[in-house]
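The values are calculated or read from the model by the stated rules, or taken from the named source; none is laboratory data. On a predicted model such as this, the values are computed, not experimentally measured, just so you know. Backbone-built Cβ (ideal geometry, glycine too); neighbour counts: all protein chains shown. Note: areas computed on protein heavy atoms with side chains; ligands, DNA, RNA excluded. Shrake-Rupley method; radii C 1.70, N 1.55, O 1.52, S 1.80 Å.
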Amino acid sequence: AHFHRVVDLSRELRQPWTTADALTNLGIVLSLQGDYAAAQSHFEEAFRIYQERGSPVWSTDPLCALTENAIRQGDLPAARSWLHDATARSASSGIRWLHVLVGHFSGLLAYYEGQPERAATMLEETAALAREHQFMPDLARSLVALGRVRHAQGDLHRATARLQEGLRLFQQMNHKLGAVTALEALAELALGTDAQN
């Protein structure tokens, strides 16, 4: 409801970048709720705004959101296509946060494509970059993803360490959804269940 209000207000005030940001965040909420079609529509609109307003670098954010939305639906070819575009846009930007964002989703997609070694390498590099630049929410998210990958590899010691650090960071930021994600992964680890379920 808050994001809907921000979208309406920013359109009324003719603030295109605020509109695009709010559309992306609203799409993320809709994707979490399982409304993938509505989420995709919001992400695509945010992408168009950045393109039309001459900010193609920042269109990396909705492109990564489109990648995650496609992964949630199991549409890995679509995810790969969105991520390819995001990578191309962020590559020459010099904006470290965008490199962390793309790195996270590159590792995540590699994991779901059945390439755990490649996924682990990418996520370790992404976590190191996020740590270096103090991008703490991104660091926590990448640590949890890395914990899942290490679990899938059977490396329970490193999986536990990454998940526990991710959980601590999410708790320090009072990021409840992130903390729940980390706790779920730790529970899967304790039960010995498939980390991709």
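For segment 50-110, the set of trypsin sites (Lys or Arg not before Pro) satisfying both a DSSP loop assignment and a count of at most 16 other C-beta atoms within 10 Å is given as Arg53. The convex hull built on the alpha-carbon positions of segment 82-148 has an orientation-averaged projected area of 4.1 nm².
Can you pull the semi-axes for segment 1-155, root of five times each eigenvalue of the Cα gyration tensor, sorted largest first, whole Å?
Details: eigenvalues 148, 57, 39 Å².
In descending order the semi-axes read 27, 17, 14 Å.
Karplus-based coupling profile of segment 107-118, in residue order and whole Hz: x, 4, 5, 4, 4, 6, 8, x, 10, x, 5, 5, with θ = phi - 60° in 6.51 cos²θ - 1.76 cosθ + 1.60 and x standing for Gly or Pro. Extending 7 Å from Cα along the Cβ direction at Ala88 and again at Arg118 yields two label points whose distance is 1.9 nm.
Rolling a 1.4 Å probe over the protein chains gives Thr87 an accessible area of about 60 Å².
Pairs of alpha-carbon atoms within less than 8 angstrom and 6+ residues apart define the contacts here; what relative contact order does the chain have, in percent?
On the way: 267 pairs, mean separation 21.9, N = 197.
Answer for the chain is 11 percent.
Accessible surface of the chain, 1.4 Å probe: 53 percent of it comes from carbon and sulfur atoms. Per residue, segment 106-184 exposes 49 Å² of solvent-accessible protein surface, assessed with a 1.4 angstrom probe and all protein chains in place.
Provide, as a two-decimal number, the C-alpha radius of gyration of segment 68-197 over 2.2 N^0.38 Å, N being how many residues it has. Present the calculation step by step, with values, prior to reporting the outcome.
Values: Rg = 14.0 Å, N = 130, 2.2 N^0.38 = 14.0 Å.
So segment 68-197 has a normalised radius of gyration of 1.00.
Under the simplified labelling scheme, the Thr18-Glu125 pair shows an inter-label distance of 3.8 nm, with each label point 7 Å from Cα along Cα→Cβ.
Assuming R0 = 22 Å, can you tell me the calculated FRET efficiency for the pair Gln153 and Ser81, based on Cβ-Cβ distance, to the nearest 0.05?
Working: r = 27 Å, r/R0 = 1.23.
It comes to 0.20.
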